[in-house]
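Undergrad: So that we are looking at the same thing, I have put the structure below in structure tokens.
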Amino acid sequence: MKRRMALAVPLLISALKATADSNNATEIQALLQAGACVFVMRHAETDSSIGDPPNFQLGDCRTQRNLNEAGRQQSHRLGQWFKTRQLRARAIQSSAWCRCRDTANLAFGTHTVLSALNSTFNSTHLPDPLTQSLRLRLKAVPVGEFEVWVTHQVNITALTGEFTAMGEALIVDAKGAVLARTTLF
């Protein structure tokens, strides 16, 4: 009897997680279709270091912390998720950092660099003006449309007050409220 219970518990947990993920996917899709929101995502997985190496150069990916294989696969899954649901963002915006640009390119095949999404980690740049710029842009997204922003944890926290893991996304409405959180990818 104990053995059956020991086998049943992981199956039950797995089934509950699959149901929760499925419901979250439906919720995310509905929110994006309704529009007037942004899918703001922390770049996909990188190595485990924090920040970038000393003396990194923004224009040289070899000097930055970049996506690892899991992050590249995660980016592909993200793109497939959007494609399967026929969800098309009105804009794909990215930080200029290679890990963000690569996440956007691998997922969507395109991006435009939006400097307000650039990292302020270990920077002399103040996040407030950048965050205000993002808030204004967020308010401009119309009903029935959404944008995708690929950025860094520090920017997401400044905008929403929430901490995100690599590859995690938030759906944020025009007022800056977090409507949903997902790691489906």
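Undergrad: Tell me the net charge near GLU147. Cut-off is 15 Å between Cβ atoms, GLU147 excluded, with +1 for each Lys or Arg and -1 for each Asp or Glu.
TA: Counting the neighbours of GLU147, the net charge comes to +3.
Undergrad: Quick check: residue separation of ASP60 and THR120 times 0.36 nm, minus the Cα distance between them. What number comes out in nm? Working shown, then result.
TA: Working: separation 60, 0.36 × 60 = 21.60 nm, distance 1.79 nm.
Here the answer is 19.8 nm.
Undergrad: Then there is this: Counting pairs of Cα atoms in segment 86-168, how many percent are more than 22 Å apart?
TA: Values: 745 of 3403 pairs.
Percent of Cα pairs beyond 22 Å in segment 86-168: 22.
Undergrad: Taking the Cβ of each residue in TRP149, TRP81, TRP97 as the centre, tally the other Cβ atoms inside 10 Å and list the residues starting with the fewest.
TA: Working: TRP149 29, TRP81 17, TRP97 25.
Least crowded to most crowded, the residues run TRP81, TRP97, TRP149.
Undergrad: Which value in Å does the Kirkwood hydrodynamic radius of segment 35-182 take, with 1/r averaged over all unlike C-alpha pairs and then inverted? Display every interim value, and only then the final one.
TA: Numbers: mean 1/r = 0.0659 Å⁻¹.
It works out to 15.2 Å.
Undergrad: Now a separate question. What's log10 of I(q)/I(0) for segment 26-72 at q = 0.17 Å⁻¹, Debye sum over Cα points only, no solvent?
TA: Normalising to I(0) and taking log10 leaves -0.66.
Throughout, read-outs are computed from the coordinates displayed, never taken from laboratory work. A quick note: this is a predicted structure, and the numbers were derived from the prediction, not measured. For neighbour counting, all protein chains shown are included, and Cβ atoms are generated from backbone atoms with ideal geometry for every residue, glycine included.
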